[in-house]
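Read-outs: derived from the displayed coordinates by stated rules, not from any lab. Please read these numbers as outputs of a predicted model, since none were measured by experiment. Here Cβ is always computed from backbone atoms with ideal geometry, including for glycine, and neighbour counts include all displayed protein chains.
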Amino acid sequence: MKLDRNSETDHYFSASPHSKPRFRLIQAYLRGRQFKFLTASGVFSKKRVDLGTKLLIESMILPETGYVLDMGCGYGAVGIAAAAFNPKLRVVMVDVNERAVRLARRNIELNRVDNAEVRRGNLYEPVKGILFNCILSNPPVSAGLATVKAIITEAPKHMTEKATIQMVVKSKIGGKRLQQIFKEAFGNCTILARESGYRVLMAEKK
């Protein structure tokens, strides 16, 4: 889960961050490939790709074809990586933060992926009518448990049969509680990966 007590990032789930943007270009080696991301103040983990996001990217199981959703995309690391690793996919990235959306669009260009797009809005509202083969998320825990729970419980309505949802969470902050929410929503939940105090939870729509 995303939890950063630095006051500068307390508002990264805000629709319109008020802080003056201070940009930086970071690089990350993910799953055997080099990426570069433009980041800024007012978005999550602006100095580096955080450990939770890295674990999700390294362990995520992508479908061979179809649609993938990066829910709460931030500046786009997860969705851009998914699009780069499998050009046959169509990746849709969603965030409520307008600054994050602008950065994610720029990062699509920087990393030269042409099978991804970014939409701004709250949770699943921007992707009504699309059924996804996979949903990926490093959820905005600072927005509260209700928001994270909604990502899980509303997911089945936006998934194809046998689609998966894969979410990275901080083990000590709601890890067990969220596993139970997964089981209640899907009837199943497995731990796909576990490292550095994080775990990646996965459920399949039966």
message = Sorting check: for 21-33, 188-200, 98-110, which peptide has the highest mean count of neighbouring beta carbons within 10 Å, and how do the rest follow?
response = 98-110, 188-200, 21-33
ask   = Straight-line reach from residue 183: which lysines have Cα under 20 Å away, leaving out those fewer than 8 places along the same chain?
value = 149, 157, 162, 170, 172, 205, 206
message = Check which residues have an amide H placed less than 5 Å from residue 30's amide H, if you skip close sequence neighbours.
response = 35
ask   = Can you tell which of 30, 65, 187 lies farthest toward the positive end of the dipole of the chain, using +1 and -1 charges on the Cβ of basic and acidic side chains (Lys, Arg; Asp, Glu)?
value = 30
ask   = How would you order 136-145, 122-131, 76-85 from highest to lowest mean count of nearby Cβ atoms within 10 Å?
value = 76-85, 136-145, 122-131
Given charges at beta-carbon only (K, R positive; D, E negative), |dipole| of segment 52-180 in Debye = 340 debye
message = Run the helix sum for the chain: -39,500 (n - 2.57) per DSSP H stretch of 4+ residues, divided by residue count, reported at 222 nm to the nearest 500 deg cm²/dmol.
response = -7500 deg cm²/dmol
